[in-house]
Amino acid sequence: MNAIDTDMIADTAPITLDEAMHFAWLEADLLDSAAYDEWRALWTPTARYIVPITPGATDFENTLNYAYDDAEMRAKRAERLVSGQSVSASPVARTVRLLSRFRLLRSDARTCELRCAQMLTEFRRGRERTYAADVEFVYLRGPGGLRIERKVIRLVNGTDALGGIGYIL
């Protein structure tokens, strides 16, 4: 097969589960490593980072959310985490995210929807907390590879009072 044929296949082949999973793991690793500039580069300019309160919510603009961040808010959130000026992020929490139960809900050559489970463990001030969530991603494929268009984190205990979460879920 020549280079033209290979390029045509790459442009029309659907995003695979393997490709989407590896991208989700990359994002989790960047967050756990506090590599926020690299993390922010994974997002499209129009992307949303959403942590809804109401289980099953889909109209995020008209419901209450813990987070409904555009690019500017993601930048401010990351800046607060590294600046030392956020009381809820001082001292900085150490986190580990475990992602599993991946399911590709829809996929074509340009976009995919991925759902997975996330267990996030935080250690800060001698205390360990665990947050379980279903995470939904919408990825877009562009010239530079996959980018996040939307990330929705549905905390299992999202309707309960949550302790100060001083990091990005």
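The values are calculated or read from the model by the stated rules, or taken from the named source; none is laboratory data. In this text the structure is predicted, and so the values were computed from the model without any measurement. Neighbour counts run over all protein chains shown; Cβ positions are idealised from the backbone, glycine included. All accessible areas refer to the heavy atoms of the entire protein, side chains included, with ligands and DNA or RNA removed. Shrake-Rupley method; radii C 1.70, N 1.55, O 1.52, S 1.80 Å.
A compact table of results
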{"quantity": "Antiparallel DSSP beta bridges within the stretch 3-155, as percent of all bridges there, nearest 5", "calculated": "90"}
{"quantity": "Computed over the stretch 3-155: relative contact order in percent, which uses C-alpha pairs under 8 Å that are six or more apart", "calculated": "25"}
{"quantity": "For the stretch 112-169, radius of gyration divided by Kirkwood radius, i.e. Rg to Rh on alpha-carbons", "calculated": "1.08"}
{"quantity": "For the stretch 3-155, accessible area per residue (1.4 Å probe, heavy atoms of protein chains only), Å²", "calculated": "56"}
{"quantity": "Surface share of carbon and sulfur [accessible, 1.4 angstrom probe, percent] for the stretch 3-155", "calculated": "54"}
{"quantity": "Globularity ratio of the stretch 3-155, using Cα Rg and 2.2 N^0.38 Å", "calculated": "1.11"}
{"quantity": "Dipole-positive endmost among PHE102, LEU81, PHE137 within the chain (Cβ charges, Cα centre)", "calculated": "LEU81"}
{"quantity": "Degrees separating the helix 17-32 axis from the principal Cα axis of the chain, which is the longest one", "calculated": "30"}
